[in-house]
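Contents: one structure, followed by commentary.
The values are calculated or read from the model by the stated rules, or taken from the named source; none is laboratory data. Everything numeric here is computed off the predicted structure, so don't read it as measured data. Don't worry about glycine lacking a Cβ; one is built from the backbone with ideal geometry, like all the others, and counts go over all protein chains shown. Surface accessibility is based on the protein's heavy atoms, side chains included, excluding ligands, DNA and RNA. Shrake-Rupley method; radii C 1.70, N 1.55, O 1.52, S 1.80 Å.
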Amino acid sequence: MVNGVERPLDLLNNSKGKEVLVHLKGDKQIVGTLLAFDIHINLVLDNTKEMKDNEVKRNIGLTFLRGDTIIFISPASTTLKKE
Amino acid sequence: MVNGVERPLDLLNNSKGKEVLVHLKGDKQIVGTLLAFDIHINLVLDNTKEMKDNEVKRNIGLTFLRGDTIIFISPASTTLKKE
Amino acid sequence: MVNGVERPLDLLNNSKGKEVLVHLKGDKQIVGTLLAFDIHINLVLDNTKEMKDNEVKRNIGLTFLRGDTIIFISPASTTLKKE
Amino acid sequence: MVNGVERPLDLLNNSKGKEVLVHLKGDKQIVGTLLAFDIHINLVLDNTKEMKDNEVKRNIGLTFLRGDTIIFISPASTTLKKE
Amino acid sequence: MVNGVERPLDLLNNSKGKEVLVHLKGDKQIVGTLLAFDIHINLVLDNTKEMKDNEVKRNIGLTFLRGDTIIFISPASTTLKKE
Amino acid sequence: MVNGVERPLDLLNNSKGKEVLVHLKGDKQIVGTLLAFDIHINLVLDNTKEMKDNEVKRNIGLTFLRGDTIIFISPASTTLKKE
Amino acid sequence: MVNGVERPLDLLNNSKGKEVLVHLKGDKQIVGTLLAFDIHINLVLDNTKEMKDNEVKRNIGLTFLRGDTIIFISPASTTLKKE
């Protein structure tokens, strides 16, 4: 078990204050520091950047993201580090 | 932590009376002053403008926006100011 | 604050009896006099007109509009009058 | 106020036994006599006709229509009679 | 009033044991004998046939149909018999 | 009445341990032995096969299928046996 | 009956700590070790990989997957082993 993740929301809780990669429907990708979330998976991110082909397309600063459009959320520190 | 944002709706509360950028499904972008919101993320904006390629496409004044079509909401003051 | 709009539905309440512009999913636009609404944002409009490129495409008289397909609702009097 | 329409469902109630035009998602149009409706806006129509370009495409008689696919419902008597 | 249809589900109740035409999203058409339904408009049909251009495309026998994809349901006996 | 199917879920209950054909949105077809289901029409199938043009495209063994994407479910034994 | 799967979620419970194949809407495929799930079928996977044509397209490490976009989930050990 990784860091005591027993329920899905535990992972979001462990990721607060850390950078996360958020993949939205329509293949939109967002990177930012997770400040807050709720049970609808609505998120608040800081230093938010819209990414395209691994490059920053636009800085959108502090952002409220509706959970409804999210496909997955991954702590950036774990991305690209696993086999 | 930024301005005590503990729950996602705190960011919307802090943004009342300020200009926000709202990104809708179908890549529609709206800018306006946030007057009110509810738990469904329905918004009321004033001085609302529909944007296209960073230019004002249409002024739609006072507007009720259904939360259902919203992807993200970002206080305009934080956009383009971060690293 | 504009006319005491504290919750999103206040704007709809203030707009009763007035002409509103309703933008639907699929870029359909409707103009009519707001007679009634409920918490699902179902609306009843009178003198309803389907618009296309700012011209009346069809008169549909008294109409029940399901909230589910609505993107935004704007009192016509405020449209095009702001900055 | 038109015929005491205070809540959206009042219009449907006033339209029972009358011909209504129903516009569905995907630009499908249905005309029929409204026999019954419920809070999900499920309808039963009689003498139902699928329309295309103002012509009858198919007669489908007595029909149960799921509310979920409806965009708007308009009493046929009011359509085309207003300015 | 037709056969005492006061609520939409009354029509489905009256159609039990009879052949119905079911029109699904994506213009799929199904014909079969209605055996059962619930409040989600989930149906069980017997002798179910998938239709295309008024011809039988495939026999699928006894079938559970999820209500979510249904646009309308019409008793086959009433189809094509009305004005 | 066929095998006492009074409510739609009765058909799923009668089909436990038997092979079923599941038609998903996007015209995906799945065949497998029904092991379990719940009220959301989530299914567990065993010996699951993804089909394409009546040929096995991929074996996916034991599988949890979300009800949300299902259009219809038909016991394989009844398919192709009816008039 | 396979391993006492009486309700759909039993299969997810039996798959904890094991590799699963997750097929998402839009034909996206994800492989990873199932750490946690909830009744909305939100998942946490570890060692998550986005697959394309049976090859690893991207490693995304520890990941929160929203249930809403999932079509099916299959324990990897059973995939390709059944006739």
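Restricting attention to segment B:32-78, the residues being among the basic types (Lys, Arg) and surrounded by fewer than 19 Cβ atoms within 10 Å (Cβ to Cβ) number 3.
For beta carbons closer than 9 Å, sequence separation of 6+ or different chains, a first residue in segment F:31-42 that is on the phi > 0 side of the Ramachandran plot and a second that is of a type in the set (Phe, Trp, Tyr), the qualifying pairs are F:ILE41/E:PHE64.
Checking C:LYS28, C:LYS82 one by one, the residue that is among the basic types (Lys, Arg), modelled with pLDDT under 95, over 22 Å from B:ALA36 (Cβ atoms) and open to solvent by 20 Å² or more (accessible area, probe 1.4 Å) is C:LYS28 and no other.
Every listed requirement among (1) modelled with pLDDT of 95 or more; (2) under 18 Å from G:ASN47 (Cβ atoms); (3) touching a helix residue (DSSP H, G or I) at 6+ places or on another chain (Cβ under 7 Å) is met by A:PRO8 save one, (3). The number of residues in segment G:31-47 being more than 8 Å from chain A (Cβ to nearest Cβ), β-branched (Val, Ile, Thr) and within 20 Å of A:ASN14 (Cβ to Cβ) comes to 1. Against the conditions (1) touching a residue at least 60 places away in the same chain (Cβ under 8 Å); (2) more than 11 Å from chain F (Cβ to nearest Cβ), G:PRO75 satisfies every one except (2). Within the span defined as segment E:48-67, one or more residues are facing chain D (nearest Cβ under 9 Å) and modelled with pLDDT of 95 or more. Considering only residues that are free of Cβ contacts under 8 Å to residues at least 24 places away in the same chain and touching a helix residue (DSSP H, G or I) at 6+ places or on another chain (Cβ under 7 Å), which ones fall in segment C:43-60? C:VAL44 - this is the single residue of segment C:43-60 that is free of Cβ contacts under 8 Å to residues at least 24 places away in the same chain and touching a helix residue (DSSP H, G or I) at 6+ places or on another chain (Cβ under 7 Å). When the residues of segment G:7-23 are filtered to those that are free of Cβ contacts under 8 Å to residues at least 40 places away in the same chain and open to solvent by 10 Å² or more (accessible area, probe 1.4 Å), which remaining residue is farthest from G:LYS49 (Cα to Cα)? The extreme case among them is G:ARG7. Within the set G:LEU34, G:LEU12, G:LEU45, the sole residue that is within 9 Å of the chain's Cα centre (by Cα), of a type outside the set (Phe, Trp, Tyr) and more than 22 Å from A:LEU24 (Cα to Cα) turns out to be G:LEU12. Please tell me if C:LYS16 is part of a loop (DSSP other than H, G, I, E, B), at negative phi and more than 7 Å from every other protein chain (Cβ to nearest Cβ). Here the answer is yes, as C:LYS16 does meet what is asked.
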